Each structure stands twice: as structure tokens, then as C-alpha cells.
1. Using the 2.2 N^0.38 Å rule of thumb for compact globular proteins, work out how region 58-171 stacks up: its C-alpha Rg over that value, please.
2. Taking the chain as a Gaussian network, Cα atoms linked when under 10 Å apart, which of GLU23, GLU248, GLU172 shows the biggest mean-square fluctuation?
3. Which ordering of THR197, THR239 is given by a fewest-first count of other beta-carbon atoms within 10 Å?
4. Taking the 0 to 90 degree range and rounding to the nearest ten, how far is the long axis of helix 128-137 tilted relative to the main principal axis of the chain, both from C-alpha atoms?
5. Which ordering of MET108, MET160 is given by a fewest-first count of other beta-carbon atoms within 10 Å?
6. With axes computed from alpha carbons, what is the tilt in degrees of helix 88-112 against the longest principal axis of the chain, rounded to the nearest 10 within 0 to 90?
7. Per DSSP helix of 4 or more residues, -39500 (n - 2.57); summed, then divided by the residues of the chain. What does that give at 222 nm, rounded to the nearest 500?
8. How large is ³J(HN,Hα), in whole Hz, for each residue of region 78-84 in order, when computed from phi with the Karplus curve 6.51 cos²θ - 1.76 cosθ + 1.60 and θ = phi - 60°, using x for Gly and Pro?
Amino acid sequence: MEATEDRFWLVGNPAWWKLGEGETPPALRDGEIPLSEAWVNSSSNKAHWSRQRLRPLAWGLLKPSAWAPFFLIASSFPLAFPGKTPDDQAVAAILFVVSWSLLIIPQMLERNSQPSSGGSILSLPIDWKLLLVGFVIFPLHIEVDPKIGWISYSLFIASMLRSIGLISESFEIPPARLVAPVNPTALDGLVIDGQWTVLSDRWHRGPIATLATENGSLLISGSSRSGFDFISLAYRHQTGFVQDCLFEGHPESEALSEILLSPPVVFEGAEWPSSFILPVVEE
């Protein structure tokens, strides 16, 4: 199965964009900035970098995020119209948990599926502050005034709407990273730019170097697939999601363009395995 998917490992699975049978993703999609000559040098002793598109976030987040507000609103019905269910508070609590689970769990799963991603649950694009305030004042509706419960509920709604807005912002920059095959006989010869924080001076599977940016960080890491070794460079947003660092309209495009004028890591490259090469067309 993995061997079959290797040919779409770089350009992306056609199903992600609902392409017809036999259609392949284009070499360059709208908004993608082509790699400069410094990145695509194909000489025998230099790395030949390519963009690897990752699955669009909308693929796994759009439907759950759309259903989340429905369940949150539904959680108020048993309390607004008491006596209509066997246990109004239990039903309301279940609907409430379902609503936020639909918003949080798919994000965690989608982020964990991305190579080079990271971060804790608190780094997800969720308005945790409003959500926390709602939880803090909610018990007061028992001790002080039942109306306070509706104030708390309004904060939950505001937090969810704000969170959906933050998730939508994550959709604006598609996920992608830069990858290059490495020569397995020369994995100890990495030379990394001095401004980076070096975690390892040799290639290995995992993080190798990082560089903090205003809204996230750049990460150099090693990985393997189908018996071949690769090195990658990814922009990891502060939410933990991977974003294409060479994309028009990226909030940090100016700073990233300066940092990525040329590859920050030098090593002995290798030819791209034929199984990863797929003829593509211009969009």
C-alpha cells in the first residue's frame, strides 16, 4: 500500500482535491511560490529539494466543526425546557461534551497525522480563555442566581464561535513542507546555519534543528519512507500545525523569504527515487 502511495507522496493525493480518475495534482497550485534555484540544484553532490503537500486541514475538520455549534445549542434545550428528558442535566452535559469533542478531537487527530507537527492540546486554535471563564462562573448559578448559568452559556457560545474563526484562519495557508533525499553513506556530514538551534549534528529520524519565528518556528528533521532516507524543513505554526512556508499571503512571508533564500542545511544529496516521481501538469 505504501509503495502505491509513494508516487503521490510529494504532489498530494488526487482525492484531496476531488480530481477525476486519471487526473494528477499540478506541479504548482495557486498561491504556491516556486522553489528558487538554490533549492532545486540537481547536481550530483547537492540536495534537490521538493515541496511535499500534506492533506488539507478541511479534509478532516470541516464537517465536525460545522456540527459542533449544533450540539452546543442543543445542550441548552433540556435546561430551557425542563422535564422533557429522563435526566435533563445529564442530557445537557452529554450534548455539551459532544459539541466540544467535535471541535477539539478532530484537530488533535489531524495535527498528529502531519509530519513535523507538534504542540499540546492548549496550543490548538481554541479560545481557551473564554471557555475557562465560562466554566469558572457556571457554578454560581446554583449558589447565587440561575440567570448566571445563561451568562456562562453565552460565554461558551462566544468561545466556540471565536474558536471556529481561529480554525478557519488555519485553513488559509495549506500544509506543506520541503523535503530532499539524503545519501545514506554520508549522514554525518550536516552543516547547519549558525542562527539555528542545533539539536543533533548528524542526520537521524526526528528533529535536527529549530529556529524560532514570530508566530511559530522552522524545523529541520529526518525521516524515512519505503527504505529511503529524507531530510525535511517545515514551518510549524504556534498552533502546532504545519503550514507551507513558501505560500503567497503567509503572515510571516517576508521574514521566511529572507531566512529561506537558500537551504539552511548543507549535506550530500541523493537522486530522487523513481517511485516518488510523478509526471505533473501546470495548473
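1. 1.15
2. GLU23
3. Least crowded to most crowded, the residues run THR197, THR239.
4. 20 degrees
5. The fewest-first ordering by Cβ neighbours comes to MET108, MET160.
6. Around 10 degrees separate the two axes.
7. Mean residue ellipticity, 222 nm, calculated: -10500 deg cm²/dmol.
8. Karplus-based 3J(HN,Hα) across region 78-84 equals x, 8, 6, 10, x, x, 8 Hz.
Where a number appears in this text, it was derived from the coordinates with a stated rule and is not lab data. Small disclaimer: the values here were computed from a predicted structure and weren't measured. Here the Cβ is made from the backbone with ideal geometry for all residues, glycine too, and neighbour counts use every protein chain on show.
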